[in-house]
1. So Ser110 clears everything in (1) surrounded by 14 or more Cβ atoms within 10 Å (Cβ to Cβ); (2) touching a helix residue (DSSP H, G or I) at 6+ places or on another chain (Cβ under 9 Å); (3) at pLDDT 70 or above; (4) over 17 Å from Gly151 (Cα atoms) except one condition, right? Which one?
2. For the range 345-363, what are the residues that are under 45 Å from the mean Cα position of the chain (by Cα), surrounded by 15 or more Cβ atoms within 10 Å (Cβ to Cβ) and not in a helix (DSSP H, G or I)?
3. Return yes or no: is Gln366 more than 30 Å from Pro405 (Cα to Cα) and assigned to a helix (DSSP H, G or I)?
4. Looking at Ser161 and the list (1) in the same structural domain as Asp53 (by TED's automatic domain parsing); (2) modelled with pLDDT of 85 or more; (3) among the polar types (S, T, N, Q), which single condition is not satisfied?
5. Under 9 Å by Cβ, and 6 or more places apart or on different chains, what pairs join a residue from the range 183-203 that is closer than 22 Å to Leu23 by Cα and surrounded by fewer than 17 Cβ atoms within 10 Å (Cβ to Cβ) with one that is at pLDDT below 80 and of a type outside the set (A, V, I, L, M, F, W, C)?
6. Of everything in the range 217-235, what is closer than 23 Å to Arg250 by Cα and either within 17 Å of the chain's Cα centre (by Cα) or loosely packed, with under 10 Cβ neighbours inside 10 Å (or both)? Give them in sequence order.
7. Could you please let me know if Ser274 is farther than 30 Å from Ile398 by Cβ, surrounded by 14 or more Cβ atoms within 10 Å (Cβ to Cβ), small (Gly, Ala, Ser) and modelled with pLDDT under 75?
Amino acid sequence: MIRRLLNTTVFRLSLVYALLFSLVAGAAMASIYWVAAGQIREQTDARLQLQSDLLINITKTYGSLQALQDAIQTRNEEHDDRAEPHFYVYALTTNTKLPFTKKLTAEYVSEDGRRVFGTLMFSDVLDIVNLDVEVKRDAYARVIITRLQGGAQLLVAADMSEQNTLLLKLYNSMWLAVGLMFLLAVLGGWLMGYGVLRRIDSIRQTAGEIINGDLSQRMVVTRRNDEFDRLSLVLNSMLQRIENLMKATREVTDNLAHDLRNPLNRLRNRLDTSRFQSMDVEHFQQLRQDALQDVDDLIKTFNALLSIAQAESGVHRDDWTSIQLDQLINDLGELYEAVAEEDGIRFSHTAQPGLVLQANKHLIAQVITNLLDNAVKYTPKDGLIQLQAEQQQSHIVITVSDTGPGIPPEERERVFKRFVRLDNARSTPGNGLGLSLVKAVADLHGAQVELADNQPGLKVILRFLA
């Protein structure tokens, strides 16, 4: 489990982000440290300059270096009386041949010519100035040297042990904070990886059950609405679609076996009759004609199934063109007007001029033909069939209506399934695939199919986006 957790992408990404965040945080804290250290140095330098100015003012007031020397001695003695280490150390040299600066390397020189020195041990400072005072000899000192008139030099040094201790604590605290942030990030990555691994295990377990044949299984969807839930919803929709297709395939197989059995049996019986019975030429010709009709019916059934399968798979999607729908309606209307007239049925067709539809022309013509075939088949003598095409707002609407028996409202969804034939249609020729093809082609084109009551009869409405 731990090995799998360490190998998860979430944990690895968390580790990378933890490293990057720690580096950025370390850089930010290092900047804070250097700013704080610089601020402390500036404040210390300001205090050293103030101490130097106070002593220099004594020289200016009394006009002699001896007064300055006495003031320095007094200050050093005052520190000795306190029985505590000196914070400031003062020294004055009038020996211009061996000034302090010959033994020290300046950190920088101020605008008024004062030399500032850092990172010096107090013991080194005392050796340079030859003083014996109580100080923290192992502490660092910050020194400012001011050159006076006549070549004399005034040295003022400050104990930096407290400031350095503060900076050290700040330094340690910063790195401790960076380390804690890194550990917390790793722990967070561990926990997130564990949560992701649990979700993936759940999906994998469900997928395994589906692979074993249980298509009713679905991915678990929580209330978090995270990416796993959204993925699970998509997978569940896909699984539902697959289950419906498998169920439809089983139904089609069952219906196909049932509906093909009768014509195949009739064909076999006719062939047996022609084989074992003697008959005249006229009888044989009729038998052959009936056998060919059975074969044609079988071919029509398979062609219809193939057309439905192609429409559902989107094979013809690349064959879309701009169809002059009004011209197509008029052509089909003229053709079926003659067919309806032979059966004593009235027929009318109208199409709004200039209608253009982006679609597969062959499939649209086949859909309208199927609907008109059904209308002619079920409309009684002296009935009326109407074919219309018009634009209604953002839709192009094709309507085929008849005055036949119609379809009950409770059956209007079921008739779109393959091989479904209502009781009043079983005595008429057909295979129950016409409306299935209409629905498949409509879905391919993103259209809506509606079956409505024509009072009397049936009205089929197709709505395409203009």
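1. (1)
2. Selection gives Leu355, Leu357, Ala359, Asn360.
3. Values: more than 30 Å from Pro405 (Cα to Cα): no; assigned to a helix (DSSP H, G or I): yes.
No; evaluated as a whole, the condition is false for this residue.
4. Of the numbered conditions (1) in the same structural domain as Asp53 (by TED's automatic domain parsing); (2) modelled with pLDDT of 85 or more; (3) among the polar types (S, T, N, Q), the odd one out for Ser161 is (2).
5. Val186/Ser14; Gly188/Ser14; Met192/Thr8; Met192/Ser14
6. First pass over the range 217-235, keeping only residues closer than 23 Å to Arg250 by Cα: 217-218, 235.
The one that is closer than 23 Å to Arg250 by Cα and either within 17 Å of the chain's Cα centre (by Cα) or loosely packed, with under 10 Cβ neighbours inside 10 Å (or both): Leu235.
7. Numbers: farther than 30 Å from Ile398 by Cβ: yes; surrounded by 14 or more Cβ atoms within 10 Å (Cβ to Cβ): yes; small (Gly, Ala, Ser): yes; modelled with pLDDT under 75: yes.
Considered against the rule, which asks whether it is farther than 30 Å from Ile398 by Cβ, surrounded by 14 or more Cβ atoms within 10 Å (Cβ to Cβ), small (Gly, Ala, Ser) and modelled with pLDDT under 75, Ser274 comes out as yes.
This table checks each residue for (1) over 21 Å from Phe464 (Cα atoms); (2) touching a Pro at 6+ places or on another chain (Cβ under 8 Å); (3) at pLDDT 90 or above.
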position: Leu363; (1), (2), (3): no, no, no
position: Asp382; (1), (2), (3): yes, no, yes
position: Gln388; (1), (2), (3): no, no, yes
position: His395; (1), (2), (3): no, no, yes
position: Ile398; (1), (2), (3): no, no, yes
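The values are calculated or read from the model by the stated rules, or taken from the named source; none is laboratory data. Remember, predicted model here, so these are calculated numbers, not experimental data. When we count neighbours, we look across all protein chains shown, and the Cβ atoms used for this are built from the backbone with ideal geometry, even at glycine.
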